[in-house]
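Scroll down for the structure; my scribbles are underneath it.
The values are calculated or read from the model by the stated rules, or taken from the named source; none is laboratory data. Please read these numbers as outputs of a predicted model, since none were measured by experiment. Virtual Cβ from ideal backbone geometry, glycine too; neighbours counted across all protein chains shown. Protein only, heavy atoms only, side chains kept; ligands, DNA and RNA dropped before computing areas. Shrake-Rupley method; radii C 1.70, N 1.55, O 1.52, S 1.80 Å.
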Amino acid sequence: MTARSALRLRLLLASLFTPVFLAGTAVFWYWTAHSGPHDAPSSGSLRTLTLISAALALFALVDLVVVLVRRRRERRNGEADEANGAGGDRVRS
């Protein structure tokens, strides 16, 4: 038996937060590029926020790809089971 996660919830969250973190990365990068030496927050702080946003965007994107691959595999296996007569939860009369 394998552990199952809430794929629909993960798909929703990854779909929502991937663009949010990508936008955050772009905004912080732009802010870093246009900040002066005496601005607050400092360019080092902005660079750190840019890297954190980029890492979170990458994590969300990888999770999105993993969820889509798993859902596709489950659908394919479900179709194969139905074609072979092993319909799982279906009640036959």
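Summary table below
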read-out: FRET efficiency for residue 31 and residue 68, using Cβ-Cβ distance with R0 set to 25 Å, rounded to 0.05; value: 0.20
read-out: Pairwise FRET efficiency - residue 45 versus residue 20, Cβ, R0 = 22 Å, nearest 0.05; value: 0.65
read-out: Farthest toward positive dipole pole in segment 1-82 [+1 Lys/Arg, -1 Asp/Glu at C-beta], among 21, 59, 37; value: 59
read-out: Phi to ³J(HN,Hα) by Karplus 6.51 cos²θ - 1.76 cosθ + 1.60 over segment 60-76, Hz, x for Gly, Pro; value: 5, 5, 4, 5, 4, 5, 4, 5, 5, 5, 5, 5, 5, 5, 5, 5, 5
read-out: Calculated from backbone phi, Karplus (6.51, -1.76, 1.60) coupling profile of segment 32-40 in Hz, x at Gly/Pro; value: 4, 5, 10, 8, x, x, 10, 6, 10
read-out: Accessible-area composition of segment 25-67, carbon plus sulfur, in percent [1.4 Å probe]; value: 76
